[in-house]
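Step one of this worksheet: look at the structure below.
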Amino acid sequence: MDAFLSAWRCPVLLLAASAAALIYYFVFVRPLSPGRIASFTAGLALLIFLAASPLDRLAREYLLSAEALIHVAAALVTPLFLVVAFPPADGTPAKGPALPVLCWLAGSISFSVWYLPALLDSALRTPWLWDLMLLTLAGGGVALWWPLFGPVRARRIKPVPAGIWYLFAAMIWCSFVGMILAFTGLDRYQPYVRSTDTLNILSFIRNDLELTRSADQETGGMLVWLCTMLVFLNTIMVLFYKWYKSPEVRNEFAAPSGEIKKAREDQA
């Protein structure tokens, strides 16, 4: 019990950033829907939980697979909660694909750059840099989701086919990152090779659970691949459903039946 309680920490940087985000949200965005307020609050709470809970200690000292779960949650799940929390706003349509391309690049680069051994090693050893990594992942995720679910509907990319291709490209990129991670050399991430074992659970993980370094590395890569694919495929299904229920599609399917009815009336 003492070890469990000692595994919790206070992520000062994330708490300050979350407080600033809440002030901005209520002062400038001024949401009126309780559901949107709950979504924004849940996104920030999840981000803080990822850094404050024992899962954080498990990821920074013992398991790359735990780090992979935090990585995906901070980069994709938390930002989605934040983006959909913005109420609809007026605006003119965007000109050209520049903004979606930049947003896609920001999300993809922020997701992958922290797996560079030098950066991840430093983040694993330094709590404030780890928190900065989570903030960077969340910011890149907000950029990634913005062209699809941003508040200005006129500036969103069309769900079909542009939105689906947008997400398929992100899914392929993340799958590529997961594959590289799974086959990265076991000595690349030194904090896992020489764990400080502050919770005294390393022997339990390696011997009782039989989760060796190689198994952990492969599991981490697989989790990146499977979890990102699950998020993107479910979002693709949502986009396809929204497109199917849109007025444009209903009118398109209704037009042929109306023409057939008119032709029958003319024949009669």
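The values are calculated or read from the model by the stated rules, or taken from the named source; none is laboratory data. Values in this document were obtained by computation on a predicted structure and should not be read as measured data. Every residue, glycine among them, receives a Cβ derived from its backbone with ideal geometry; neighbour counts consider all protein chains shown. Heads up: the accessible areas ignore ligands, DNA and RNA and are worked out on the full protein's heavy atoms, side chains in. Shrake-Rupley method; radii C 1.70, N 1.55, O 1.52, S 1.80 Å.
Show me the helices (runs of 4 or more DSSP H) found entirely inside segment 149-248 where at least 2 residues are among the aliphatic types (A, V, I, L, M) and at pLDDT 95 or above. Explain how you work it out, then say what you get.
Values: elements: 164-182, 190-193, 213-244.
Helices (runs of 4 or more DSSP H) meeting the threshold: 164-182, 213-244.
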note = Per the filter on segment 107-133, residues assigned to a helix (DSSP H, G or I) and within 15 Å of the chain's Cα centre (by Cα) are Gly107, Ser108, Ile109, Ser110, Phe111, Ser112, Val113, Met133
Meets criteria (assigned to a helix (DSSP H, G or I) and in contact (Cβ under 8 Å) with a residue 24 or more places away in the chain) for Val77 = yes
note = Per the list (1) surrounded by 17 or more Cβ atoms within 10 Å (Cβ to Cβ); (2) modelled with pLDDT under 95, residue check on Val77 breaks on (2)
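Go through segment 22-57 and give me each residue that's within 20 Å of His71 (Cβ to Cβ) and without any contact (Cβ under 8 Å) to a residue 40 or more places away in the chain.
Looking only at segment 22-57, we keep the residues that are within 20 Å of His71 (Cβ to Cβ), and these are 42-57.
Ala42, Leu44, Ala45, Leu46, Ile48, Phe49, Leu55, listed by residue number.
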inquiry  = What's the number of the only condition in (1) under 26 Å from Asn234 (Cα atoms); (2) part of a loop (DSSP other than H, G, I, E, B) that Leu82 fails to meet?
reply    = (2)
message = Looking only at residues that are farther than 16 Å from Leu102 by Cβ and basic (Lys, Arg) in segment 112-169, which one is surrounded by the fewest Cβ atoms within 10 Å (Cβ to Cβ)?
response = Arg153
key: Condition check for Trp104: in contact with a Cys (Cβ under 9 Å, 6 or more places away or on another chain), more than 20 Å from Arg213 (Cα to Cα), open to solvent by 40 Å² or more (accessible area, probe 1.4 Å) and not basic (Lys, Arg)   = no
key: Extreme residue, nearest to Leu14 (Cα to Cα), among residues of segment 26-54 that are in contact with a helix residue (DSSP H, G or I) (Cβ under 7 Å, 6 or more places away or on another chain) and at pLDDT below 95   = Pro54
key: Residue, farthest from Trp130 (Cα to Cα), within segment 182-209, restricted to residues that are buried (at least 16 other Cβ atoms within 10 Å of the Cβ) and among the small types (Gly, Ala, Ser)   = Ala182
ask   = From the residues in segment 13-34 that are touching a Pro at 6+ places or on another chain (Cβ under 9 Å) and open to solvent by 50 Å² or more (accessible area, probe 1.4 Å), which one is farthest from Phe86 (Cα to Cα)?
value = Leu13
task = Check segment 46-60 and report whether any residue there is surrounded by fewer than 19 Cβ atoms within 10 Å (Cβ to Cβ), closer than 23 Å to Leu148 by Cα and touching a Lys or Arg at 6+ places or on another chain (Cβ under 9 Å).
result = no
